[in-house]
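Q: Quick one: the structure is below, and I'll ask about it shortly.
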Amino acid sequence: MVGPVVRREAVAHLRAVMGLSERRACCIVAVDRTKVRYAPKRQADTALRERLRELANARRRFGYRRLFVLLRQQGERSGKNRIYRLYREEGLTVRKRRSRRRAGRGRRSSSRRSRMRAGLWTSCMTSLPAAGAFASSTSSTTVTRECLAAIPDTSISGKRVARELSARIRRRDKPGMIVSDNGTEFTSNAILSWASEGGIEWRYIAPGKPMQNGFCESFNGRMRDELLNETLFFGLDHARAKIGAWVSDYNHLRPHSSLGYATPADYAANLAATGDRLRNPDQLRRSPVATSAPSGVSNAPTLIIAG
């Protein structure tokens, strides 16, 4: 018995069952009588609890940290510890799911240093639980964590992947490297020709090393946990609508923990603004070599020796 609540219950039990006095029961439990008589003065927090339950029901796979960020965006000034206490009292704890690891086949492995480049995209495939055999090809960036594409279809060929990547490049800068798993759509001649003609280095992860493509694997894990395992798809059109809505929410509304709980779109905009400012020399201020004289102090006159 280490908590005051448990000690109060023990004192109440001794007094009710054994008929002991309050002084004697507190002595046995080793608790001060002021703690037993203390009446909590916490607020009911009814409105906050209701908002927390609504957010948790809308985003069933969000923990208390992301719910705390969403509440702060709505103007709630409560601290993280208070939100965590209410989160536990309401029984909103998210149950963790065990992940499965699958080995793949590779041609060229991507080194750790090359994967940390700024212009790096990652691509991989995932299956969709639905009435038909659906698959989804996803692409994301390693810097801003944006989801560039999530394409659900019954069959995705190498030509389709090349066409979708070309469409993304027309809207964004060309990446310096793309890392993918060893699926047939990524190892096809269409992809190899497309990467060679575009001057893009394409790397494959090593066999049994899915964490060499850890950014995309992490994104697929979030997508499966928050969308695929929570949604029953009734057809390809329904899957496209649901996945498109989730991708938009992921890029513009969902706080990302590795970005300081900023959204990928906000982080990308801030990063682009910072890059433009650094590239513009007029906006850079150079500090003076020597500090100017304080206010009210004039420079010492130059001594001129007359000949």
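No lab work stands behind these numbers, since they all come straight from the coordinates. Here the structure is a predicted model, which is why all the values come from computation and not from measurement. Ideal geometry is used to build each Cβ from the backbone, glycine not excepted, and the neighbour counts take in all protein chains shown.
Q: Stretch THR93-GLN73 to full length: gain in nm at 0.36 nm per residue minus the Cα-Cα span?
A: So the extension gain works out to 5.1 nm.
Q: Sticking with this structure for a sec: Can you list the HN-Hα couplings for region 48-62, worked out from phi with the Karplus curve (6.51, -1.76, 1.60; θ = phi - 60°), rounded to whole Hz and with x for Gly and Pro?
A: Result, rounded to whole Hz: 5, 4, 5, 5, 5, 5, 5, 5, 5, 6, 6, 10, 5, 9, 8.
Q: Could I have the simple spin-label model distance between ASP249 and VAL2, label points 7 Å from Cα toward Cβ, reported in nm to one decimal?
A: Spacing of the two 7 Å Cα→Cβ label points: 3.8 nm.
Q: Roughly how many nanometres apart are two label points built 7 Å out from the Cα toward the Cβ at HIS238 and ARG33?
A: A separation of 6.7 nm, rounded to one decimal place.
Q: Find how much the distance from THR274 to ASN229 grows on full extension, using 0.36 nm per residue of separation minus their present alpha carbon separation; answer in nm with one decimal.
A: Here the segment from THR274 to ASN229 would lengthen by 12.4 nm.
Q: So, one more: Any chance you could run the full-extension gain for ARG61 through LEU20? It's 0.36 nm times the residue separation minus the Cα-Cα distance, nm to one decimal.
A: 9.9 nm
Q: Assign one of three labels to region 175-254, namely rounded, prolate or oblate, based on the Cα gyration tensor with a ≥ b ≥ c the square roots of its eigenvalues; rounded applies when a/c is under 1.5, prolate when it is not and a/b is larger than b/c, and oblate otherwise.
A: prolate
Q: Is region 1-103 rounded, prolate or oblate when judged by the Cα gyration tensor, a ≥ b ≥ c being the square roots of its eigenvalues, rounded requiring a/c under 1.5 and prolate requiring a/b larger than b/c?
A: Here region 1-103 falls in the prolate category.
Q: If you don't mind, there's one more thing I want to ask. Would you please classify the overall shape of region 134-223 from the alpha carbon gyration tensor, given that a ≥ b ≥ c denote the square roots of the eigenvalues, rounded means a/c under 1.5, and beyond that prolate means a/b larger than b/c while oblate covers the rest?
A: Rounded shape, in that the Cα axes give a/c under 1.5.
Q: Would you mind checking LYS80/LYS242; LYS96/LYS242; LYS96/LYS174 for any pair whose Cα atoms are more than 26 angstrom apart?
A: LYS80/LYS242; LYS96/LYS174
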